[in-house]
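Peer 1: The structure under discussion is supplied below as structure tokens; questions concerning it will follow.
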Amino acid sequence: MSEDRLNRIEQKLDRLVDVVESIARVEEKMAANDGKLNRLEFRMDKLEEDLDETSKVARDNSGVVKFADKFFWLVVGGMVSLAVWAMKSGVSA
């Protein structure tokens, strides 16, 4: 084989090695990205669970707040009624 032909083969082999190295780097990046994606999916699942729990607590607390609001206005109404009754009947405090 001639010297030119051997040089061309060597150049092609060098380019082939460069391409194989590039493919290996891309595969490494893909593996790293897969790990990041899995971690992000795990965190997203955890956040969804926390949000569901927070929603449940908020629903439970809304009943308590409604009761406390009604009770407050019942007490205020009772105190106003007592004050009006006391004024009408002439009871002095």
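Peer 1: Scan segment 49-69 and report the pairs whose first residue is surrounded by 10 or more Cβ atoms within 10 Å (Cβ to Cβ) and whose second residue is in a helix (DSSP H, G or I), with Cβ atoms within less than 6 Å and a gap of 6+ or a chain change.
Peer 2: Filtered contacts from segment 49-69: no entries.
Peer 1: Check segment 41-61 and report whether any residue there is over 20 Å from the mean Cα position of the chain (by Cα) and either assigned to a helix (DSSP H, G or I) or at pLDDT below 95 (or both). Quick ask: steps written out before the conclusion?
Peer 2: Quick first cut of segment 41-61, residues over 20 Å from the mean Cα position of the chain (by Cα) only: 60-61.
Within this subset, residues satisfying the condition of being either assigned to a helix (DSSP H, G or I) or at pLDDT below 95 (or both) are 60-61.
Scanning segment 41-61, I find at least one residue that is over 20 Å from the mean Cα position of the chain (by Cα) and either assigned to a helix (DSSP H, G or I) or at pLDDT below 95 (or both), so the answer is yes.
The values are calculated or read from the model by the stated rules, or taken from the named source; none is laboratory data. A quick note: this is a predicted structure, and the numbers were derived from the prediction, not measured. As a convention, Cβ positions derive from the backbone with ideal geometry for all residues, glycine included, and neighbour counts pool all protein chains shown.
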